[in-house]
Amino acid sequence: MLSDTHYYFNKAADVLGLSEIVRKILLTPQRSVKVEIVIENCAGELKYYTGYRVQHNNARGPMKGGLRFHPSMNEDHASALAGLMTWKTAVVDVPFGGAKGGIDCDPHTMSDKDLSLVTRLFVEQMKDVIGPTTDIPAPDMNTNAKIMSWIMDEYSKYEGFSPAVVTGKPLHLFGSEGREEATGRGVMLILREVLKDQGKSFADITVAIQGFGNVGSNSARLIAEQGGRIVAVADHTGGISNTDGLDIPALCKWVAKHDGVSGFPGGSAFEGDDIITWEADVLIPAALQDVITEKNATEVKASIVVEAANAPTTPAADTLLLQRGITVIPDILANAGGVTVSYFEWTQNIQQFSWELDRVNHELEKTMTKAYRSVCEVAKEKNIDLRTAAFVLAIRRVGRAALARTHIESVLLP
Ligand code: NAD
């Protein structure tokens, strides 16, 4: 994954004609912190974990990025994802940099008491490097609003009342209206703009979605509300299709009860992996990374791919999709609705003033639409694909901010 991010970065850096030294400065994380976490768990066993926080860049503002609790968590993984956050926040022009971190633990096998202890020990050791004006964590894989509440509580013990130290908190503890569905809403808004550019509307399209968790289900619901026909959905339990369009509210209820789409009576079952090559106008990967590969990219039927998941397309597959004239909306633009509303949450915390849902959605719409238009402008100006254009836009914004803080003028970015 680290190499994928570097590949896309370098492709854009080639367009900008960046020197090796500027590439190195922009690619290298500013700081990487590793901490040891040892607990005696509820069963009386001694447990050892490692916590990570990689802070990539803060030229445009405090660093921002999720915390993953997963046994596979390591420094390389955190580095790749931290860089991606820097480019993502720059594309949507929110005043943050990028960071990522986590702990190599498996919350599914831990009691709440042990999880709370591990989280609090992580914060105790990271409290000097995170903070409302330095680095603001958020939920990611296997972390949630409850864990964010513990982080806020622990950090506030040392630094005083600090809701802005973390986003993704529950609504009743300084969270934001609209955060839950923000990434899915961003996906819907970007797709709306793409369709406008192609002279189409939601009523004209069929959609296939991989993943029916937070991002997949909210994207499906909001696209269906606009008149789009969701003809196939797949998750870890299998796939379900209906050429007339799936009843998304009914599917949401089913999944809440059965923990997956499998068995849903409103459609026909299929092998989940077939979703990538499903007969539909739009494909939305909203689950895992590296699912569109060299092996299936030539079989993709959709003419628009909206990357709601992080890094769902390998670089080799990306090249094949582009050769076939498929429009790919890159992850750093398509799924940036989440970090945008995280920024709104932070803003509300700093101001100690809550926004109503309408305001959150209105500001999100403005931000996503503007970001899409800016990426399209760069794509047109440089005659490049949308992913490379998004990276060019982000590198320009971060690079210019970074250089403006120094006395170095000789290597100003184009
Ligand atoms: P989630 O845990 O709520 O949902 C994940 C979904 O993926 C589930 O429906 C699960 O069944 C499905 N899935 C798991 N394994 C699968 C498999 N082998 N085949 C098909 N489906 C499978 O996660 P989420 O928050 O919806 O995040 C989904 C993706 O979007 C991730 O890549 C995440 O990094 C990215 N993302 C999420 C947000 C956010 O705000 N939640 C923001 C930006 C990016």
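Since every read-out is calculated from the coordinates, none of them should be taken as a lab result. Not measured: the values here are computed from a predicted model. Backbone-built Cβ (ideal geometry, glycine too); neighbour counts: all protein chains shown.
The string of couplings for segment 357-371 from the Karplus curve (6.51, -1.76, 1.60, θ = phi - 60°) is 3, 4, 5, 4, 5, 5, 5, 5, 4, 4, 5, 5, 5, 5, 4 Hz, one whole number per residue in order, with x for Gly and Pro.
Amide H contacts for K169 (H built 1.01 Å from N in the peptide plane; partners 5 or more residues away or on another chain; cut-off under 5 Å): S176. Given R0 = 45 Å, the distance between the Cβ atoms of D204 and T406 translates into a calculated FRET efficiency of 0.35.
Extents of segment 182-334, taken as max minus min of Cα coordinates on every principal axis and listed largest first, are 40, 31, 26 Å. Counting every other Cβ atom within 10 Å of each residue's Cβ, I329, I39 order from fewest to most as I39, I329. Counting pairs of Cα atoms in segment 295-394, how many percent are more than 18 Å apart? Cα-Cα pairs in segment 295-394 separated by more than 18 Å: 54 percent. Entry note, segment 182-334: relative contact order of 21 percent, from Cα contacts under 8 Å with a spacing of 6+ residues. With neighbours defined as other Cβ atoms within 10 Å of a residue's Cβ, the residues C42, C105, C252 order from fewest to most as C42, C252, C105. Taking 31 Å as the limit for the C-alpha separation, the pairs K34/K88; K301/K382; K196/K257 exceed it in the case of K196/K257. Sites count as exposed loop sites when they are GluC sites (Glu not before Pro), lie in a DSSP loop, and have at most 11 other Cβ atoms within 10 angstrom; the longest stretch of the chain without one is 46-270.
Residue-wise HN-Hα couplings along segment 274-280, as the Karplus relation 6.51 cos²θ - 1.76 cosθ + 1.60 with θ = phi - 60° gives them from phi, are 5, 4, 4, 10, 5, 6, 7 Hz; Gly and Pro carry x.
Every Cα-Cα pair in the chain was counted, and those over 36 Å apart are 24% of them. When W346, W278 are arranged by Cβ crowding within 10 Å, least crowded first, meaning fewest neighbours, the order is W278, W346. Computed from the C-beta positions of D14 and N41, the FRET efficiency with R₀ = 56 Å rounds to 0.65. Mind listing P(r) for segment 1-101? All alpha-carbon pairs, 5 Å bins, whole percents. It works out to 3, 13, 20, 21, 17, 10, 6, 5, 3, 2, 1, 0, in whole percents. Note on the chain: dipole from Cβ charges, positive end direction compared against L283, N144, Q55; the farthest Cα belongs to Q55. Whole-Hz Karplus values for segment 257-269 come out as 8, 10, 6, x, 7, 4, x, 4, x, x, x, 9, 7 Hz, taken residue by residue from phi with 6.51 cos²θ - 1.76 cosθ + 1.60 and θ = phi - 60°; glycine and proline positions read x. Under Stokes-Einstein, with the Kirkwood radius over Cα pairs as Rh, the value for segment 94-194 at 37 °C and 0.692 mPa s is 222 µm²/s.
Taking a point 7 Å from the Cα of M141 along the Cα-to-Cβ direction, the residues of segment 28-69 with backbone N closer than 14 Å to it are 66-69. In terms of distances greater than 24 angstrom between alpha carbons, the cross-link table entries K24/K366; K64/K169; K200/K380 yield K24/K366.
Treating each Cα of segment 63-142 as one equal point scatterer and applying the Debye formula with no solvent, the log10 of I(q)/I(0) at q = 0.16 Å⁻¹ comes out as -0.61. GNM on the chain, alpha-carbon springs under 10 angstrom: the most fluctuating residue among D385, D281, D358 is D358.
Once the Kirkwood radius over Cα pairs is known for segment 19-64, the Stokes-Einstein relation at 10 °C and 1.306 mPa s delivers a diffusion coefficient of 119 µm²/s. Given 4 °C and 1.567 mPa s, compute D for segment 30-165 with the Stokes-Einstein relation, Rh being the Kirkwood radius over Cα pairs; round to the nearest whole µm²/s. The calculation lands on 88 µm²/s. Along its first, second and third principal axes, ordered by size, segment 105-151 spans 33, 19, 16 Å in Cα coordinates.
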